[in-house]
Amino acid sequence: MELLDHLLWGNESLWGGGVAHSILILSLVITLGIMLGKMKIAGISLGVTGILFIGIAFGHFGLNVNEHLLHFMKEFGLILFVYSIGLQVGPGFFASFRKGGITLNKLAAIIVLSGVAVTLALYYITGLPITTMVGIMSGAVTNTPGLGAAQQAYSDIHLGADAVDIATGYAVAYPLGVVGAILTILLLRHLLHINTQSEEEKASAGADSHQNPTTVRVTLEVINQALEGKSIADLHRLATREFVVSRICHADSQPELVDTHTILHCGDKILVITTQNDIEAITALIGVPVEMNWHDISKDMISRKILITKPELNGKRLSELQIRSSCGVTITRVNRAGIDLVAAGNLPLQLGDRVTVVGPELSVMQAERRFGNSLKRLNHPNLIAIFTGIALGVLLGSLSFHFPGIPQPVKLGLAGGPLIVAILIGRYGPYYKMVTYTTMSANLMLRETGISLFLAGVGLGAGENFVPTILNGGYIWILYGAVITVLPLLVAGIIGKKIYKLNYYTLIGVLSGASTNPPALAFSSDQTTTDAPSVGYATVYPLTMFLRVLAAQLLVLFFA
């Protein structure tokens, strides 16, 4: 029994200062938490959130870890989680924002402002100190940077004094903040009568306006007399849209591949690949849609997806490769992070892209050698991009932003900074020859490891004071936190679906992001095979994080 006591509660002589003991406790919390999260009651499981409750239980019984190690593991885990999300969604993030991100961010702002309004209403109704209410609000929306910002603001205006009730309110409200968001997501599924299969299909097809529209293929017959004798290059200049002409069939001849010098004649049939948004304008310029089975009439040509695995191609624009003249094939589409892009000449390639090429079999084989098409090369992790990005993200998160009328600066923190940098690196890294590709399995490993460490740290830190606070009247704080969590999400969920017509999986990603709730995102992502929740989360997370941090500071500065 003495050995067991030393193993669980630590012994300096046995553990060499407590580091090994701390790692043991963290490992046990994560292992048992994952096992708890897999248990289902009425078809509902806690998922990764089970780690938080095991951590609280361990902390309550004194099975705690070194304070400094706990703080490091918690913050580093959060950084790994948000950074891996940023890398995954970065390639399509800005296009998403242009097409529908304003709507998503409006919805997120509604959630933030509603939460602040509910917090102020409870402050006036209950008579609790604003510091307690800000702590409860931060815990209810699982926003650790908001907690830190509120504590710092209080300390600055009270000459270094600490408001203990901010952290206590946070700890009491946090568990139900995590679970409340997840339960709200499930409740919305029933309230809105969601057909999950239909929503899954729409999310996979990119039906939401927030996503890049997937590419479409259409056969057009040239009837515009103004195009007679014009080349494909002339057509691109006239259309000013992104599209690719894959093949052409002249009158009484076999289909052939095209290049920029191919001449168009009235009556020609051409196979065009473009986006859903551009197809109407291109059709109006060229002619009329017609039915044509290109596979049957051009049997000497094949279509194949080829993986870009040669590092020297990273950041190269398609026009620089001159693939039509060098290999005799045409690139029609580029699939990046699950999104089909039109193979426009100014599109830079990224390691891990899958390009669809069309041409004779021997030419396609030559293109395979040119592009690499070796999955083994991609399995090697690119750690430079990961840790360089994390370092830059920490620097960005530590910068102070001053706003007129606000006495204290605002920071993005260790969650907002790395996320924004990851999105920027994922999007623009290849332009500067930076290899940013990570396999889906590697990204998932980083993400799951990060969220597990973060939740274990939060649970262990909150466990000691959790039960005493509840027994001494703090149980009512849980109810206040639940109201702050659930009410804004329910209102925004109904608005998002009924008014904005958002896809359910995009909507729950937005709700998770607006709650700055990584466990809710992990739960949402488990509900679908698409990236819609992650894209929705990352689209609103930067603005939401800023608003959450700003709101917490302003409430303390104006009411404390």
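The values are calculated or read from the model by the stated rules, or taken from the named source; none is laboratory data. Because the structure is predicted, anything quoted here is derived from the model rather than measured. Neighbour counts run over all protein chains shown; Cβ positions are idealised from the backbone, glycine included. Side chains are part of the model used for accessible areas, which takes the heavy atoms of the whole protein and leaves out ligands, DNA and RNA. Shrake-Rupley method; radii C 1.70, N 1.55, O 1.52, S 1.80 Å.
For every residue, the table says whether it meets (1) without any contact (Cβ under 8 Å) to a residue 24 or more places away in the chain; (2) more than 21 Å from residue 325 (Cβ to Cβ); (3) among the basic types (Lys, Arg).
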residue	(1), (2), (3)
235	no, no, no
242	no, yes, no
245	no, no, no
250	yes, no, no
258	no, no, no
261	no, no, no
267	no, yes, no
270	no, no, no
275	no, yes, no
- Query: Considering only residues of region 430-469 that are in contact with an Asp or Glu (Cβ under 9 Å, 6 or more places away or on another chain) and aromatic (Phe, Trp, Tyr), which is modelled with the lowest pLDDT?
  - Reply: 437
- Message: Condition check: out of contact with any Leu (no Cβ under 8 Å at 6 or more places or on another chain) and open to solvent by 80 Å² or more (accessible area, probe 1.4 Å). Does residue 304 satisfy that?
- Response: no
- Counted residues in region 58-67 being at pLDDT 80 or above, part of a helix (DSSP H, G or I) and open to solvent by 40 Å² or more (accessible area, probe 1.4 Å) come to 1
- Members of region 213-252 that are among the small types (Gly, Ala, Ser) and open to solvent by 50 Å² or more (accessible area, probe 1.4 Å): 226, 251
- Query: For residues in region 376-406 being modelled with pLDDT under 75 and part of a helix (DSSP H, G or I), which is most open to solvent (accessible area, probe 1.4 Å)?
  - Reply: 376
- When region 263-286 is examined, which residues are found to be more than 25 Å from residue 340 (Cα to Cα) and crowded, with 19+ Cβ neighbours inside 10 Å? 264, 268
- Query: Counting residues that are open to solvent by 10 Å² or more (accessible area, probe 1.4 Å) and without any contact (Cβ under 8 Å) to a residue 40 or more places away in the chain, which helices (runs of 4 or more DSSP H) fully inside region 438-548 reach at least 1?
  - Reply: 440-469, 475-498, 518-526
- Message: What are the pairs with Cβ atoms under 6 angstrom where one residue, in region 301-329, is on the phi > 0 side of the Ramachandran plot and the other, located anywhere, is of a type outside the set (Phe, Trp, Tyr)? Sequence gap at least six, or different chains.
- Response: 315/348; 315/430; 315/433; 328/359; 328/363
- Task: Quickly run through region 355-375 and pick out the residues that are in a strand (DSSP E or B) and crowded, with 17+ Cβ neighbours inside 10 Å.
- Result: 355, 356, 357, 358, 359, 372
- Enumeration of residues in region 259-275 that are of a type in the set (A, V, I, L, M) and under 16 Å from residue 224 (Cβ atoms): 263, 264, 270, 272
- Message: Looking for something farther than 18 Å from residue 117 by Cβ and at pLDDT 90 or above - is there at least one such residue anywhere in region 479-491?
- Response: no
- Item | Within region 322-341, tally of residues that are out of contact with any Gly (no Cβ under 8 Å at 6 or more places or on another chain) and open to solvent by less than 10 Å² (accessible area, probe 1.4 Å) | 2
- State yes or no: is residue 166 at pLDDT 90 or above and in a helix (DSSP H, G or I)? no
- Message: So, residue 334, is that one at pLDDT 80 or above, within 27 Å of the chain's Cα centre (by Cα) and either part of a strand (DSSP E or B) or within 20 Å of residue 253 (Cα to Cα) (or both) or not?
- Response: yes
- Residue that is farthest from residue 463 (Cα to Cα) [pool: residues in region 19-57 that are open to solvent by less than 40 Å² (accessible area, probe 1.4 Å), of a type in the set (Val, Ile, Thr) and at pLDDT 80 or above]: 30
- Query: Would a scan of region 285-304 turn up a residue that is under 27 Å from the mean Cα position of the chain (by Cα), more than 20 Å from residue 216 (Cβ to Cβ) and part of a strand (DSSP E or B)?
  - Reply: no
- Message: residue 414 - would you say it is closer than 28 Å to residue 441 by Cβ, modelled with pLDDT under 80, among the hydrophobic types (A, V, I, L, M, F, W, C) and part of a loop (DSSP other than H, G, I, E, B)?
- Response: no
- Item | Residues that are open to solvent by 30 Å² or more (accessible area, probe 1.4 Å), within 31 Å of the chain's Cα centre (by Cα) and touching a residue at least 60 places away in the same chain (Cβ under 8 Å), drawn from region 117-136 | 120
